[in-house]
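Taking it in order: structure first as structure tokens, then the write-up.
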């Protein structure tokens, strides 16, 4: 009897983790993501697995974002030794993502321990280290889309393009037990249909159980062209005020889209004389990974890139400055206006973007542009919700910068796209909503019932179902 237990991203957006148990395939994790929000060090120290990692036979990874992959080093540290099965591009991105995130965690932990030592408080041991990252990376097995992969004697899986970020996948799992054949489809994170640098999500039509994300289940995105018009206008208005623009951005996906669209504005003569700074070593490394995989995209996906630029997003934007070191990053502070600063983290929970907030968020000439989802409990969510002041680095900062959200540049499908994708399964699958906050899940559930007659399930954390 196959069972599925929801251990993360259940009525929440981060921490994706689901445990599939079958007779012939063993115990398999679908994703192993970390939660986001709050103090990064304390959050990682508080993460606990609800199983023995040594008993997990394999991890099947939908994509490389940390809320889907970030606890793999902890899993390895606590005894996991099975394969990490993913797409080839995801395996390449993991090398960048995990090394960077664990490096930041260890540096933050060291700073916290220095402060604790000065105050006579106990020191914290790391939950994992760089050796665990290298251990995990050695376990990674990269596969092509549409390739059949065996999981034990009676389970096979296949990756389909999810169109979310490079290497992102819809996971199709076929289970044969005691003469019965069942299909589980896990959407991972589904992308939008009009994303410039991604293919459209693959359309599947057969499943017994459908596990589908619901991040934007209660709302639609603006069209990408509408968002680009908004970006063009925001940049012009900020330029007239003599200000600068800060863009908190996820290193994988959002950053590359932003660079592409800024490059388009440049080639159309509409970027004024902005200096663009990509102030994130991880995003720089990821952009170079994207350059190696651009040929994966349909011709329509890179239709605006000339033959010269099809292998380099960097070269597509001639005004781009790459700031690897901290001194280069700090030098941006000397520019009072005319700078577009792209930096992580995407939800403002850490990274260099907070240092740029310290220099600019209190100045009403400046603009802060959000391009991706901001989870509950994050600094980004508080700013989107209209916070008048924020606390960082032990100090209070008034928020006077203009706040803008470009919804059309999101990497996630909106409500109508989710409904259309789910409605493509015939006969209708048993549908379970994950990776969404309760309001979004309720909105999607109501529309699926109203338009498709589909009664979905919304599990709580720790709940199990039989497949």
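The values are calculated or read from the model by the stated rules, or taken from the named source; none is laboratory data. The structure displayed is predicted, hence computed values, not measured ones. Every residue, glycine among them, receives a Cβ derived from its backbone with ideal geometry; neighbour counts consider all protein chains shown.
Below, the figures for the structure above:
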quantity	calculated
Odd one out for residue 408 among (1) over 17 Å from residue 213 (Cα atoms); (2) out of contact with any helix residue (DSSP H, G or I) (no Cβ under 6 Å at 6 or more places or on another chain)	(2)
Of the criteria (1) at pLDDT below 85; (2) under 24 Å from the mean Cα position of the chain (by Cα); (3) closer than 23 Å to residue 92 by Cα, which one residue 300 fails	(3)
Filter pass, residue 380 being more than 27 Å from residue 240 (Cα to Cα), modelled with pLDDT under 95 and crowded, with 21+ Cβ neighbours inside 10 Å	no
Test: residue in segment 407-424 that is modelled with pLDDT under 95 and more than 22 Å from the chain's Cα centre (by Cα)	no
The listed residue being in contact (Cβ under 8 Å) with a residue 60 or more places away in the chain and surrounded by fewer than 18 Cβ atoms within 10 Å (Cβ to Cβ), out of 124, 97, 130	124
Qualifying position, being buried (at least 17 other Cβ atoms within 10 Å of the Cβ) and without any contact (Cβ under 8 Å) to a residue 40 or more places away in the chain, among 85, 56, 44	56
Single residue of segment 203-228 satisfying the filter (in contact with a strand residue (DSSP E or B) (Cβ under 8 Å, 6 or more places away or on another chain) and more than 18 Å from residue 62 (Cα to Cα)) that is surrounded by the most Cβ atoms within 10 Å (Cβ to Cβ)	217
Among the residues listed as 232, 241, the single one being surrounded by fewer than 18 Cβ atoms within 10 Å (Cβ to Cβ) and either within 15 Å of residue 341 (Cβ to Cβ) or free of Cβ contacts under 8 Å to residues at least 60 places away in the same chain (or both)	232
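Quick grid of which residues meet (1) in contact with a helix residue (DSSP H, G or I) (Cβ under 6 Å, 6 or more places away or on another chain); (2) within 19 Å of residue 8 (Cβ to Cβ); (3) buried (at least 18 other Cβ atoms within 10 Å of the Cβ):
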| residue | (1), (2), (3) |
| --- | --- |
| 414 | no, no, yes |
| 417 | no, no, yes |
| 420 | no, no, no |
| 438 | no, yes, no |
| 442 | no, no, no |
| 453 | no, no, no |
| 459 | no, yes, yes |
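The rows are residues; the columns are (1) at pLDDT 85 or above; (2) closer than 23 Å to residue 39 by Cα; (3) assigned to a strand (DSSP E or B).
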position	(1), (2), (3)
332	yes, no, no
340	yes, no, yes
350	no, yes, no
358	yes, yes, no
362	yes, yes, no
